[in-house]
Amino acid sequence: MIRLKGREALLYAYYAILSRETGPDPFPRFLAEGDEGRFLEPEEILAGIGHGRIKRESLFCDIPSVWDLLLEAEAEGSLVMHPSRNTVLVFTASHGADLGDGVRGFAIHAEVFEHASLQAMQTPVENRDYDYGRFLISLYPRMPLLRGRWEKDLDLLRYSIEIALELMTLFGLDAPLVWKEFSGESPEKGFTEEHVVHGGVLLDHVLDRIREKPVSLSDLGAASGRGTSLPGLFSRPALAKETR
């Protein structure tokens, strides 16, 4: 939530009156310092300030941020944002590579995600659909979860093992079996030492397995630990140092 105080809160009260039919629903509850036990209607605020009963500087209200909108989407199961050490996996029904069962996904650098998310925490919701889409578009550059894409995307190659491990966990793959196939113990799935070093073929193998048995967004949300994964991202030492 974003707290507006004084003049900003008063301007939002004006906005609430002028946008009764088209504005956010529900509108925020306004309060005045010293009278915090009772919520004030926007019309009551304007009348109170006009009569000198309410001081403008005492006025405040909390309004939802774009970040609150994203957390709501996570809770509803329409969005999954899963952080790991260097990357964040993002899954929706409309953005990224098609992984089956109505799930699309991509990877993003953790630093890029942190910047976009901190911005979302400071941005009030104006239009839910637009704000949601704008946040997803801001997650750029992306690392597409496409087979063979690592051959042209050095970042995807660099983090291919990390991404493959997270995907195995989220999609409920049999990790010992995947590693057995990847290591060459299965004759038809032998890989060279070079493949093991960069992990690109491992990622391809995992993506193949995912498409053989896709899962839903709600299943991904449960596997990611919906409601607990995102706060952990912002406890990373690098970000903590930057925001002190």
What number comes out for accessible area per residue over segment 84-131 if the probe is 1.4 Å? Units Å², please. 46
Taking Val206, Val125 and ranking on accessible area (1.4 Å, protein atoms only), highest first, one gets Val125, Val206
12 Å beta-carbon shell around Leu167, net charge (K/R +1, D/E -1): -2
Report the accessible area of Glu126, computed with a 1.4 Å probe over the heavy atoms of all protein chains in place, in Å² rounded to the nearest 10. 140
Note, Phe135: beta-carbon cut-off 14 Å, +1 each Lys/Arg, -1 each Asp/Glu, net -4
Just read off the accessible area of Lys55 with the full protein assembly in place, 1.4 Å probe, to the nearest 10 Å². 130
Apply 1/(1 + (r/R0)^6) to the Cβ-Cβ distance of Arg85 and Lys180, taking R0 = 35 Å, and write down the FRET efficiency to the nearest 0.05. 0.90
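Determine the gain in length on full extension of the stretch Met1-Ser19; use 0.36 nm per residue of separation and subtract their C-alpha separation, reporting nm with one decimal.
Details: separation 18, 0.36 × 18 = 6.48 nm, distance 2.02 nm.
Between Met1 and Ser19, full extension yields an extra 4.5 nm.
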Could you work out what % of the accessible surface of segment 68-147 is carbon and sulfur, using a 1.4 angstrom probe and leaving DNA, RNA and ligands out of the count? 51
Separation in nanometres of the label points that stand 7 Å from Cα toward Cβ, at His95 and Asn127: 1.7
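The values are calculated or read from the model by the stated rules, or taken from the named source; none is laboratory data. All of these numbers come straight from a predicted model, not from anything done at the bench. Every residue, glycine among them, receives a Cβ derived from its backbone with ideal geometry; neighbour counts consider all protein chains shown. Only protein heavy atoms, including side chains, enter the accessible area calculation; ligands, DNA and RNA are left aside. Shrake-Rupley method; radii C 1.70, N 1.55, O 1.52, S 1.80 Å.
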